[in-house]
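Encoded as C-alpha cells, the structure appears first; notes follow it.
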Amino acid sequence: AQRVTQPEKLLSVFKGAPVELKCNYSYSGSPELFWYVQYSRQRLQLLLRHISRESIKGFTADLNKGETSFHLKKPFAQEEDSAMYYCALVYGGATNKLIFGTGTLLAVQP
Amino acid sequence: SQTIHQWPATLVQPVGSPLSLECTVEGTSNPNLYWYRQAAGRGLQLLFYSVGIGQISSEVPQNLSASRPQDRQFILSSKKLLLSDSGFYLCAWSVQGSRGYTFGSGTRLTVV
C-alpha cells in the first residue's frame, strides 16, 4: 500500500540557515509527489510538485526514486517560511486521491 | 475565479447529536471533491471522495457519510456524533486531469 513518511514533527533553524524537510514514500507505481504548506491562519496550499521541477519561494524538491525520497530544500531560511509542511503522493489514477505525511512544523528563529 | 467555501469554521457538538458540514465550489464544473480529516497528532486522512453528482466513495469505515446533491456541493454528515469524530475537517477539489488540490479553510469540530 502507498505510504508517505515525514520523520520530523518539528524542525527549528535560524534565519539564513539551510533547510531540509524530509519525505520518504512507498508506492508500487510511478510516483507523483507534492509539497503543501499551511501558514498560520491560512489555508493549506500547494507549494510545489515534482513534475514541474520548479522553485517556489526559494524551495526546491527533487524526486529520488532510488531512495524513494522527495526532500524539500531551501538554502537560506527566512522567518516567513515558518509553517506546517506536508508531503503528499497521488494515487488512485483518475480519482486523483492524495495521501499525506503527518507534516513537519518548520520554525525559523530570528 | 475558482474558490471553495467551507462552513462553519468551528463547531462544538454533544455526543449523539447530528452533524452537517457543507462545502461549495465556484468557478469550475465537474470537479473531483474530497473530505479529509486531521486528528490531533496525525496527518490528513482521506474520508470520502466524489468524481460526480451522486457518486461517493468511502476510504475508511466510520461513523460519517457524505453526499453530493449538486455538482459543486459536497456535504459531510453524521446521524450521531462520537467523541472520536473530533478533529479538523477539510474539503478540497481538483479538476479532473489536474493533480493539484485547492483546499477549503476547514472546520474545527469538537465533540463533547
Select the strands (runs of 3 or more DSSP E) contained entirely in the range A:35-110, then report the ones holding at least 1 residues which are more than 9 Å from chain B (Cβ to nearest Cβ).
A:45-49, A:72-74, A:83-91, A:104-109
Residue by residue through the range B:35-47, note down the ones that are touching a residue at least 24 places away in the same chain (Cβ under 8 Å), among the aliphatic types (A, V, I, L, M) and touching a strand residue (DSSP E or B) at 6+ places or on another chain (Cβ under 7 Å).
B:A39, B:L44, B:L47
Check on B:A92, under 24 Å from B:G16 (Cβ atoms), of a type in the set (A, V, I, L, M) and within 11 Å of another protein chain (Cβ to nearest Cβ):
no
Since A:I51 meets every condition but one in (1) in contact (Cβ under 8 Å) with a residue 40 or more places away in the chain; (2) more than 29 Å from B:W7 (Cβ to Cβ); (3) aliphatic (A, V, I, L, M), which condition does it not meet?
(1)
Restricting to the range B:87-105, name every residue that is among the small types (G, A, S) and either buried (at least 20 other Cβ atoms within 10 Å of the Cβ) or touching a Lys or Arg at 6+ places or on another chain (Cβ under 6 Å) (or both).
B:G87, B:A92, B:S94, B:G104, B:S105
The lone condition B:G52 fails out of (1) farther than 23 Å from A:L47 by Cα; (2) at pLDDT 95 or above; (3) not hydroxyl-bearing (S, T, Y) is (2)
Tell me which residues, restricted to the range B:41-55, are of a type in the set (V, I, T) and within 12 Å of chain A (Cβ to nearest Cβ).
B:V51
Just to check your reading of the model, which residue among A:A88, A:A77, A:A83 is aliphatic (A, V, I, L, M) and over 13 Å from the mean Cα position of the chain (by Cα)?
A:A77
Within the set of pairs 6 or more residues apart or between chains, which connect a residue that is closer than 10 Å to B:I75 by Cα inside the range B:15-34 to a residue that is outside any strand (DSSP E or B) and of a type in the set (G, A, S) with Cβ atoms less than 7 Å apart?
B:C23/B:G104
Contacts under 9 angstrom Cβ, first residue in the range B:48-65 being within 14 Å of B:L82 (Cβ to Cβ) and in contact (Cβ under 8 Å) with a residue 12 or more places away in the chain, partner hydroxyl-bearing (S, T, Y) and exposed (fewer than 15 other Cβ atoms within 10 Å of the Cβ), 6 or more apart
B:Q62/B:S84; B:N63/B:S84; B:L64/B:S58; B:L64/B:S77; B:S65/B:S58; B:S65/B:S77
All but one of (1) out of contact with any Cys (no Cβ under 8 Å at 6 or more places or on another chain); (2) free of Cβ contacts under 8 Å to residues at least 60 places away in the same chain; (3) more than 23 Å from A:G101 (Cβ to Cβ); (4) of a type outside the set (S, T, N, Q) hold for B:F74; state the number of the condition that does not hold.
(1)
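The values are calculated or read from the model by the stated rules, or taken from the named source; none is laboratory data. Values in this document were obtained by computation on a predicted structure and should not be read as measured data. Positions of Cβ are backbone-derived with ideal geometry, glycine not excepted, and every protein chain shown enters the neighbour counts.
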